[in-house]
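Trainee: This is the structure I want to talk about, given as structure tokens.
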Amino acid sequence: MKFAKLTLASDYKIGLTDKRIYGSFAEHLGRCIYGGIYDPTHPEADENGFREDVIKLIKELDVPVIRYPGGNFVSGYNWEDGIGPKENRPKRLELAWGTLETNEFGTDEFMAWCKKAGTSPMMAVNLGTRGPDEARQLVEYCNHPGGTYLSDLRKKCGSELPYDVKLWCLGNEMDGPWQMGSKTAVEYGRIAYETSKIMKWTDPSIETVLCGSSGWHMKTFGEWETTALDIAYDQVDYVSMHQYHSNADDYLENFLAKGVETDKFIESVIAALDYAQGKRHSKKRIDISFDEWNVWYHSNGTKFEKWSKAPHILEDIYNFADALVVGTMINSILRHCDRVKIACLAQIVNVIAPIMTEDGGKAWKQTIYYPFYYASKYARGYSLLGLCDTSKYDTKWYSDVPHVDTSAVLSEDGEDLVIFAINRDVDDTIMLETKLCDFEGFRPVEYVALEGYAADDINTKDSEKVVPVNKALPVIDGKMLNLPMKPMSWNMVRLSKKEN
Ligand code: AHR
């Protein structure tokens with residue numbers, strides 16, 4: 001057995017978590033929309049064709065915001081194709097993924113679905129094949145109360161009230177050569193500035209997200225952020241980050257360490273944002289929208305019929321190790337909650353997702369569902385700066401990887417505390433000796449763990465094998481709380497001062 005020490009004090013606050021860090025993402029890609037969210041022929045579909053079994057699971061996850069309609073898809077999307085009578089909507093070749101887009105589901109359906117799913121929309125505009133004009137027209141369609149062609153068109157399409165969409169992404173991954181209409185940082189900075197400007201003239205209450213570089217490993221990373229920001233700084237509110245971790249080389253210890261890269265990536269983006277702010281001597285601070293994050297590699301190379309509707313693509317079936325990595329990514333987001341204000345688990349259903357559906361059958365939970373579920377449910381409040389003294393290990397890619405990765409959140413009323421801890425050690429149990437400096441009157445009320453599974457254990461529609469187990473409540477001895485964490489495990493302990 002190894003030992004690690006965690007020290008927590010209620011005054012050591014990183015910041016208040018923004019509920020939008022529990023966001024997700026729905027793209028017109030594979031079976032995310034068609035077959036996931038929308039399937040009029042499914043027995044669980046409502047009168048709009050929305051799958052109610054999927055909505056039930058999304059409600060359980062309590063997702064406050066969902067990014068739509070892409071992703072790479074948005075860079076070739078004509079939003080006007082997806083409104084009005086369905087029989088008049090055009091079928092199009094969808095070039096980002098090589099599929100057929102029927103446009104049966106569009107902006108109005110998404111807004112109605114968000115309402116039913118208890119979430120709110122985060123819209124992306126097409127800055128690939130289109131530009132500022134179509135973007136400001138979409139803002140007018142969605143948010144203007146009435147009395148103009150576009151706002152009255154929305155009314156004709158069924159919504160008397162404006163949708164009041166607050167968050168808007170200025171394109172998607174615009175530095176990626178795979179993106180329709182990709183751009184240089186200067187080209188993008190200019191179009192993002194002009195687009196955001198007139199979108200905000202249309203509705204001054206909105207916030208916009210500038211595309212950061214599409215990944216930490218891009219040659220453009222860093223330079224892209226500072227160059228685009230130099231041009232667009234005064235017109236935007238957030239810069240995006242996207243990150244997907246992979247275990248394609250089947251190297252478990254290295255894979256489990258990948259959350260370290262999430263920390264480094266976030267901190268590098270913060271450095272770029274602060275550099276841009278310092279350079280222009282601005283009072284305005286730009287924060288991060290981490291609007292695509294997850295593990296993604298299992299489904300790479302899946303074959304499908306070109307130009308088919310809603311093929312089974314990007315359907316990663318997640319294993320136990322993936323759930324641990326997702327847990328470390330959530331910890332990283334929580335530890336940086338003073339700057340990461342929005343984060344979207346990519347995606348919500350079927351496509352690299354916590355929720356899967358069977359065609360015509362049931363909806364079920366992947367392994368990665370659980371770390372997200374528990375964080376969304378309990379980690380809202382003040383993220384605490386925990387000091388964790390743990391043994392470390394090296395891999396081919398990383399040095400000094402902490403065996404234990406933690407986060408802790410104190411509720412706003414100061415009466416509930418949740419601690420998340422991942423033991424990355426594949427061989428040893430680690431006793432996490434947690435010193436609670438000033439949490440008098442708190443007692444443990446729940447201890448759950450994902451533990452004891454093989455790294456490659458998965459859930460399927462017929463057997464949800466990887467599920468959290470309830471552990472015996474630990475006792476507090478003075479200020480000490482000892483958590484025995486099995487090798488390769490995700491652990492959550494909750495403490496409360498409340499009576500029940
Ligand atoms: O989420 C899948 C894809 O990953 C998105 O379309 C794109 O933005 C990213 O490369």
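Trainee: Taking R0 as 51 Å, what's the FRET efficiency between Leu93 and Asp394 from their Cβ-Cβ distance, rounded to 0.05? Kindly include the intermediate steps, with their values, before the conclusion.
Mentor: Values: r = 48 Å, r/R0 = 0.94.
That gives a FRET efficiency of 0.60.
Trainee: Hey, what do the phi angles of segment 313-330 turn into as Karplus ³J(HN,Hα) couplings, whole Hz, using 6.51/-1.76/1.60 and θ = phi - 60°, x for Gly and Pro?
Mentor: 10, 6, 8, 4, 9, 7, 10, 4, 4, 4, 5, 5, 5, 4, x, 6, 5, 5
Trainee: Return a whole-number percent for the relative contact order of the chain, with Cα pairs under 8 Å and 6 or more residues apart as the contact set. Mind dumping the intermediate values first?
Mentor: Details: 1180 pairs, mean separation 97.5, N = 500.
Computed value for the chain: 19 percent relative contact order.
Trainee: Round to the nearest 0.05 the FRET efficiency obtained for Cys437 and Asp274 when R0 = 25 Å and r is the Cβ-Cβ distance.
Mentor: Numbers: r = 30 Å, r/R0 = 1.22.
Taking R0 as 25 Å, the efficiency between Cys437 and Asp274 is 0.25.
Trainee: Round to a whole angstrom and tell me the spacing of the C-alpha centers of segment 442-472 and segment 1-71.
Mentor: 19
Trainee: In sequence order, what are the phi-derived ³J(HN,Hα) couplings for segment 257-270 according to the Karplus relation 6.51 cos²θ - 1.76 cosθ + 1.60 with θ = phi - 60°, rounded to whole Hz, with x for glycine and proline?
Mentor: 7, 5, x, 4, 6, 5, 4, 5, 4, 4, 5, 5, 5, 4
Trainee: Just rank Leu210, Leu481, fewest to most, by other beta-carbon atoms within 10 angstrom.
Mentor: Values: Leu210 27, Leu481 24.
Result, fewest neighbours first: Leu481, Leu210.
Trainee: Can you say what percent of the DSSP beta bridges in segment 23-112, counting only those with both residues inside, are antiparallel? Round to 5. Display every interim value, and only then the final one.
Mentor: On the way: 5 of 8 bridges.
Once the DSSP bridges in segment 23-112 are tallied, antiparallel ones form about 60 percent.
Trainee: Add -39500 (n - 2.57) for each DSSP H run of 4 or more in the chain, then divide by its residues: what number comes out at 222 nm, to the nearest 500 deg cm²/dmol? It would help to have the intermediate numbers written out before the result.
Mentor: Working: 10 runs with 121 residues, N = 500.
Rounded to the nearest 500, the figure is -7500 deg cm²/dmol.
Trainee: Which chymotrypsin sites (Phe, Trp or Tyr not before Pro) in segment 159-188 pass both tests, a DSSP loop state and at most 10 other beta-carbon atoms within 10 Å?
Mentor: Sites meeting the loop and neighbour criteria: Trp178.
Trainee: Could you tell me which of Leu334, Thr429, Pro204 has its Cα farthest along the dipole of the chain towards the positive end, charges placed at Cβ (Lys, Arg +1; Asp, Glu -1), taken about the Cα centre?
Mentor: Of the listed residues, the answer is Pro204.
Trainee: Multiplying the sequence separation of Lys479 and Glu267 by 0.36 nm and subtracting their Cα-Cα distance, what value in nm do you get?
Mentor: 73.1 nm is the gain from fully extending Lys479 to Glu267.
Trainee: PRE reach from Lys309 (point 7 Å along Cα→Cβ): which of segment 32-48 fall under 12 Å by backbone N?
Mentor: 34-35, 39-41
Trainee: Continuing with this model, one more query. Using Cβ counts within 10 Å as a stand-in for footprinting exposure, how do Asp237, Asp175 rank, fewest first?
Mentor: On the way: Asp237 20, Asp175 23.
If I rank by nearby Cβ atoms, fewest first, I get Asp237, Asp175.
Trainee: Given the chain, what percent of its DSSP beta bridges are antiparallel, to the nearest 5?
Mentor: Numbers: 51 of 90 bridges.
If we restrict to bridges inside the chain, about 55 percent are antiparallel.
Trainee: Could you tell me the relative contact order of segment 76-166? Use alpha-carbon pairs under 8 Å, at least six residues apart, and round to a whole percent.
Mentor: Numbers: 97 pairs, mean separation 22.4, N = 91.
Once divided by the residue count of segment 76-166, the mean separation gives 25 percent.
Trainee: In what sequence do Asp53, Asp152 fall when counting other Cβ within 10 Å, fewest first? Please report the intermediate quantities before stating the final value.
Mentor: Working: Asp53 16, Asp152 13.
The most exposed by this proxy come first: Asp152, Asp53.
Trainee: Using modelled backbone amide H atoms (1.01 Å from N, in-plane), which distant-in-sequence or interchain residues come within less than 5 Å of Ile14's amide H?
Mentor: Residues meeting the criterion, in which the H sits 1.01 Å from N, are Ser383, Leu384, Leu385.
Trainee: For segment 276-387, what does the relative contact order come out to in percent, with C-alpha contacts under 8 Å and a separation of six or more?
Mentor: Reported as a whole number, the value is 29 percent.
Trainee: If you don't mind, another one. Which ³J(HN,Hα) values, rounded to whole Hz and listed in residue order, are derived for segment 35-40 from phi using the Karplus coefficients 6.51, -1.76 and 1.60 in 6.51 cos²θ - 1.76 cosθ + 1.60 with θ = phi - 60°, glycine and proline given as x?
Mentor: After applying 6.51 cos²θ - 1.76 cosθ + 1.60, I find x, x, 7, 10, 7, x Hz.
None of the figures in this text is laboratory data; all of them are computed from the coordinates on show. Predicted model only: the values in this text are computed from it and were never measured. Glycine also receives a Cβ, built like all others from the backbone with ideal geometry; neighbour counts cover every protein chain displayed.
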